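Enquirer: I am attaching a structure below and will ask some questions about it afterwards.
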Amino acid sequence: MKKGLVLEGGAMRGLFTAGILDVLMENGVEFDGLVGVSAGAAFGCNYKSGQIGRTLRYNVKYCRDKRYCSWRSLFKTGDMYGAEFCYRELPKRLDVFDEEAFDASPMEFYVVATDVQTGKAVYHRCDSARGTEILDWIRASASMPFVSRVVQIGEGRYLDGAMADSVPLAYFESIGYDRNVVILTNEKGYRKRKFRATLALRLLLRKYPKAAEAMATRHVFYNETLDALAEREARGEVLVLRPEGKLPIKRVTHSEKKLRAAYEMGRALAVKRLPEIKAFLTET
C-alpha cells in the first residue's frame with residue numbers, strides 16, 4: 001500500500017491546507033508521497049521538510065510587503081507574487097526552507113504545472129531542494145494567468161498547474177498510490193464557473209493557444225473531477241478533507257486576520273478528523 005497526499009491549490013486559500021498539514025505533522029502522520037498544485041506545492045513542500053508553522057509564519061509576516069504580493073510588483077516585474085522575493089530571498093534568507101531535511105525525507109514530492117505549448121499537465125518529481133530547480137517548478141505551478149509571467153525551465157514553458165489538473169488524484173493513482181488523502185480548498189457543493197474573460201485570455205496567451213483553451217475549458221474538467229471524487233469518497237476509496245463552510249478568505253489577501261482564520265479552520269478540521277485519518281491510512 002502506498003499512501004499519498006493530494007493538495008489542491010487556491011492561492012491564499014491554501015492557508016486552510018497549511019493548518020491541516022501542521023496538525024498532521026504534529027501527530028506524526030506520514031505519507032509515501034505528496035503531489036501539490038499551485039499553493040498546494042508551495043505550501044506542501046514544508047511537509048516534506050517537516051517545518052511546522054512555516055507557511056503561516058511567513059505569510060503573516062509578509063502579507064503586506066509589496067515585494068511579496070502587490071499590484072506594484074505586477075506592474076514592475078510582471079508577477080503579482082514577486083519571483084525574486086518569493087522564490088529566492090524568502091526561502092534562502094528570510095525564512096529559510098530546510099533543504100537538508102527535505103532531501104533526507106523519504107517522501108516523494110511532485111509538483112504539477114501546465115505546459116503552455118501543449119495545454120497539458122506536467123507532473124515533475126522533485127528529488128532535491130538543492131539549487132533553484134525545485135523553487136522554479138513551484139513558481140511555475142503557482143504562476144496564475146494574467147498576474148504572472150510564463151516560467152521557462154530548460155526548454156519548457158509553464159504556468160499554473162490548476163489550468164490543466166487542479167486535483168491530480170488520477171495521476172497519483174496511475175503511479176501506484178492507492179490510499180490517498182485529498183485536501184480541497186472549497187466547501188462541499190462548490191462548482192467552478194466558466195472563465196469569463198476568455199477573449200482577453202486568448203489575447204494574452206496568443207502565442208500559446210492550447211494553454212488558453214485549457215483555461216477556457218477548465219471548469220468542465222474541474223467539475224467532472226469533483227463529481228468523480230465524490231463517488232470515490234462515498235465508497236470509502238479516498239478520504240477528502242475540505243472546509244466545512246466557505247473560507248473567509250479570497251485567493252489574494254493582505255489581511256493577517258483572514259490568513260489566521262483560514263489556517264485555524266484547517267487545524268480545527270484536522271483535529272476533529274484525526275482519528276478517521278489515521279484509521280484510513282492504516283486500513284489494509
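Enquirer: Give the residues of segment 63-79 that are of a type in the set (Phe, Trp, Tyr), buried (at least 20 other Cβ atoms within 10 Å of the Cβ) and over 18 Å from the mean Cα position of the chain (by Cα), sorted by residue number.
Expert: Passing the criteria: none in range.
Enquirer: Got a sec? Which of Met107, Met163 is under 22 Å from Val220 (Cβ atoms), buried (at least 16 other Cβ atoms within 10 Å of the Cβ) and touching a helix residue (DSSP H, G or I) at 6+ places or on another chain (Cβ under 7 Å)?
Expert: Numbers: Met107 fails: under 22 Å from Val220 (Cβ atoms).
Exactly one residue qualifies, and that residue is Met163.
Enquirer: State all residues of segment 155-206 that are in contact with a strand residue (DSSP E or B) (Cβ under 7 Å, 6 or more places away or on another chain) and of a type in the set (Ser, Thr, Tyr); if no residue qualifies, say none.
Expert: Within segment 155-206, Tyr158, Ser166, Tyr171, Tyr177 meet the criteria.
Enquirer: Output the helices (runs of 4 or more DSSP H) that fall wholly within segment 66-179 and possess 1 or more residues being without any contact (Cβ under 8 Å) to a residue 60 or more places away in the chain and within 19 Å of Val35 (Cα to Cα), or say none.
Expert: Qualifying helices (runs of 4 or more DSSP H): 99-104, 133-141, 169-174.
Enquirer: Looking at the structure I just gave you, is Tyr158 surrounded by 19 or more Cβ atoms within 10 Å (Cβ to Cβ), of a type in the set (Ser, Thr, Tyr) and out of contact with any Cys (no Cβ under 8 Å at 6 or more places or on another chain)?
Expert: Here the answer is yes, as Tyr158 does meet what is asked.
Enquirer: Only one of Glu213, Glu233 is assigned to a helix (DSSP H, G or I), in contact with a strand residue (DSSP E or B) (Cβ under 6 Å, 6 or more places away or on another chain) and over 21 Å from Val23 (Cα atoms). Can you tell me which? Step through it out loud before you land on a result.
Expert: Numbers: Glu213 fails: in contact with a strand residue (DSSP E or B) (Cβ under 6 Å, 6 or more places away or on another chain).
The unique qualifying residue is Glu233.
Enquirer: Could you please tell me which pairs satisfy a Cβ distance under 9 Å, a separation of 6+ or placement on different chains, a first residue in segment 240-264 that is of a type in the set (A, V, I, L, M), and a second residue that is exposed (fewer than 14 other Cβ atoms within 10 Å of the Cβ) and outside any helix (DSSP H, G or I)?
Expert: Final answer for the pair search is Val240/Lys188; Leu247/Glu187.
Enquirer: Looking only at segment 66-79, how many residues end up being out of contact with any Phe, Trp or Tyr (no Cβ under 7 Å at 6 or more places or on another chain) and closer than 15 Å to Ala142 by Cα?
Expert: Residues in segment 66-79 being out of contact with any Phe, Trp or Tyr (no Cβ under 7 Å at 6 or more places or on another chain) and closer than 15 Å to Ala142 by Cα: 3 in total.
Enquirer: Let me ask something else about it. Looking only at segment 237-252, count how many residues are at pLDDT 95 or above and open to solvent by less than 50 Å² (accessible area, probe 1.4 Å).
Expert: Qualifying residue count, segment 237-252: 6.
Enquirer: Under the condition of being part of a loop (DSSP other than H, G, I, E, B) and under 16 Å from Gly53 (Cα atoms), which residue from segment 8-38 is nearest to the chain's Cα centre (by Cα)?
Expert: Per the criteria, the residue is Val29.
Enquirer: A further question follows. Identify, by number, the condition in (1) surrounded by fewer than 22 Cβ atoms within 10 Å (Cβ to Cβ); (2) closer than 23 Å to Lys257 by Cβ that Glu30 doesn't meet.
Expert: Of the numbered conditions (1) surrounded by fewer than 22 Cβ atoms within 10 Å (Cβ to Cβ); (2) closer than 23 Å to Lys257 by Cβ, the odd one out for Glu30 is (2).
Enquirer: What number of residues within segment 53-65 satisfy the criterion of being assigned to a helix (DSSP H, G or I) and farther than 18 Å from Ala142 by Cβ?
Expert: The total comes to 3.
Enquirer: Regarding Val271, is this residue surrounded by fewer than 19 Cβ atoms within 10 Å (Cβ to Cβ), β-branched (Val, Ile, Thr) and at pLDDT 95 or above?
Expert: For Val271, the condition - surrounded by fewer than 19 Cβ atoms within 10 Å (Cβ to Cβ), β-branched (Val, Ile, Thr) and at pLDDT 95 or above - is met.
Enquirer: Condition test on Arg218, is it at pLDDT below 95, open to solvent by less than 50 Å² (accessible area, probe 1.4 Å) and in contact with a helix residue (DSSP H, G or I) (Cβ under 7 Å, 6 or more places away or on another chain)?
Expert: Details: at pLDDT below 95: yes; open to solvent by less than 50 Å² (accessible area, probe 1.4 Å): yes; in contact with a helix residue (DSSP H, G or I) (Cβ under 7 Å, 6 or more places away or on another chain): yes.
Criteria met by Arg218.
Enquirer: Still on this structure: Considering only residues that are basic (Lys, Arg) and either open to solvent by 50 Å² or more (accessible area, probe 1.4 Å) or in a helix (DSSP H, G or I) (or both), which ones fall in segment 180-210?
Expert: Lys188, Arg191, Arg193, Lys194, Arg196, Arg202, Arg206, Lys207, Lys210
The values are calculated or read from the model by the stated rules, or taken from the named source; none is laboratory data. What you see is a predicted model; the values in this text were computed from it and never measured. Every residue, glycine among them, receives a Cβ derived from its backbone with ideal geometry; neighbour counts consider all protein chains shown. Ligands, DNA and RNA are excluded from the accessible area calculation, which covers all protein heavy atoms including side chains. Shrake-Rupley method; radii C 1.70, N 1.55, O 1.52, S 1.80 Å.
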